[in-house]
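Beneath this line is the structure, given in structure tokens, with notes to follow.
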Amino acid sequence: MEIFAPKETYPGETRAALDPDAVKKISGLGGKVRVEMGIGADCDHTDKEYREAGAEVIDDRKSALGSADMVVRVRPPDEEEIRLLKQGCLHVSFLDPFNQKDLLEAFAKQGVTAVSLEMMPRTTLAQKMDALSSQANLAGYYSVILAAAEMHKILPMMMTPAGTISPSRFFVVGVGVAGLQAIATAKRLGARVEAFDTRPVVEEQVKSLGAKFVKIDIGETGQTEQGYAKELTPEQLEMQRQGMARICAQSDVVITTAKLFGRKAPVIITKEMVAGMKRGSIIVDLAAEGGGNVDGTVLDEETVTENGVRIFGHGNLEGRIAADSSQVYASNLANFLEHFWDKEKQAFGLDLEEEHLKGCVMTHGGAIVHERFREGGE
Ligand code: NAD
């Protein structure tokens, strides 16, 4: 089975779908790995390292896309590149399927089996292949590092002969994978951390990290079977905003990570709430790519409000630490291949009835097959 990892072409994308360790693992299974020349340039791996790990390094991207039995990458391809894939090819990447219906149709038309990694069911077994979590974890870490580097204050309390500097106050809104890592990182750096999530199960996790869980009574909330938050009613969102305004006003840094899987992110922090914040305080909106949790977030930009609050709407924060984010992404991919590898056939064993594959295979045999996206689906 020929597996090809092209260099990412999405503007600003620094990650690579495979690193040399993953190449070694997949080659060990019996896969013939090919990578595009320069694939690791932005995540600190040379072509030589890939060759030594067992990959063939090629510079003809088009013909490699056309001959591969499997293509792996980080970002979704464009339609032009989908048309280069051969019929029956397996394509594995993030696909953003809720916003990229055209791509699903293009994959189906081309007869490609497209796997959307963000749709991987969240079972215990799937944790090793859960790329959404591996990337969110690092984005959460980096949101704190970004704030720490940009703010005009230090994070820990410092008692010096010149007086005492009080610790910075962080407020993390949304305590999923990214939020938990943001809390842990800010705590390690000495900040005072508060956090809020609509899923009550999170309170214990927040406390176990030594942070304070902010209690806001917004009535009945909950989570889906997959562990994702349910959408709040407009009234509940308003109650949440009122409860949070005071905390935002006293925080030096607010990190928002509140996403709703498959839907636009809720706007939780309004212009009025930002106007009530202190000059010099920072908001890092990790939900920026999904529309943003903050009224005023501009994707991939820093915005400064009239009262001197800086809002960072940068997407792909994990891409700023591409060596590690590529390592864990590549490991998720290699685990995915290993888990479903058919040793006899020396190829990926595609069983569309298998629970995990059923959850993340979008197209197959010329059609959109996923129940949520096919004709008449949800
Ligand atoms: P996510 O990125 O979709 O959302 C981030 C957080 O925002 C969630 O905790 C969500 O509850 C919260 N949120 C949504 N609306 C909000 C609002 N209005 N106000 C405040 N917070 C709001 O979620 P995620 O981080 O990908 O995952 C959520 C949970 O799923 C994790 O905490 C974990 O418990 C679970 N999970 C399980 C597995 C597994 O079992 N394999 C893997 C990964 C995650």
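Overview of values
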| item | result |
| --- | --- |
| Cross-chain or 6+ apart pairs with Cβ under 7 Å, the stretch 202-219 first and free of Cβ contacts under 8 Å to residues at least 24 places away in the same chain, then acidic (D, E) and within 13 Å of the ligand (Cβ to nearest atom) | K212/E194; F213/E203 |
| Search result, residues across the stretch 180-223 that are open to solvent by less than 50 Å² (accessible area, probe 1.4 Å) and charged (D, E, K, R) | E194, D197, R199, E203 |
| Close pairs from the stretch 62-80: first in the same structural domain as I26 (by TED's automatic domain parsing) and farther than 26 Å from S133 by Cβ, partner of a type outside the set (D, E, K, R) and part of a helix (DSSP H, G or I), Cβ under 8 Å, at least 6 apart | E79/L103; E79/A106 |
| Enumeration of residues in the stretch 174-203 that are among the charged types (D, E, K, R) and away from the ligand (no atom under 15 Å from the Cβ) | K187, R188, R192 |
| Residue match in the stretch 6-19 (condition: hydroxyl-bearing (S, T, Y), open to solvent by 40 Å² or more (accessible area, probe 1.4 Å) and touching a Lys or Arg at 6+ places or on another chain (Cβ under 7 Å)) | yes |
| Test: residue in the stretch 162-173 that is under 19 Å from E318 (Cα atoms), open to solvent by 10 Å² or more (accessible area, probe 1.4 Å) and within 16 Å of the ligand (Cβ to nearest atom) | no |
| Residues of the stretch 273-287 satisfying the condition of being open to solvent by 10 Å² or more (accessible area, probe 1.4 Å), away from the ligand (no atom under 12 Å from the Cβ) and farther than 19 Å from M239 by Cα | K278, R279, G280 |
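Condition check ((1) modelled with pLDDT of 95 or more; (2) over 19 Å from the mean Cα position of the chain (by Cα); (3) of a type in the set (K, R)) across all residues:
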residue: N293; (1), (2), (3): yes, no, no
residue: R310; (1), (2), (3): yes, yes, yes
residue: Y329; (1), (2), (3): yes, no, no
residue: K343; (1), (2), (3): no, yes, yes
residue: K358; (1), (2), (3): yes, yes, yes
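Table: residues versus (1) among the acidic types (D, E); (2) within 16 Å of the ligand (Cβ to nearest atom); (3) crowded, with 16+ Cβ neighbours inside 10 Å.
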site	(1), (2), (3)
G111	no, no, yes
V115	no, no, yes
A126	no, yes, yes
M129	no, yes, yes
Y142	no, yes, yes
H152	no, no, no
L155	no, no, yes
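The values are calculated or read from the model by the stated rules, or taken from the named source; none is laboratory data. Predicted model, so just to flag it, every value in this text is computed and none were measured. Here Cβ is always computed from backbone atoms with ideal geometry, including for glycine, and neighbour counts include all displayed protein chains. Heavy atoms of the whole protein, side chains included, go into the accessibility calculation; ligands, DNA and RNA do not. Shrake-Rupley method; radii C 1.70, N 1.55, O 1.52, S 1.80 Å.
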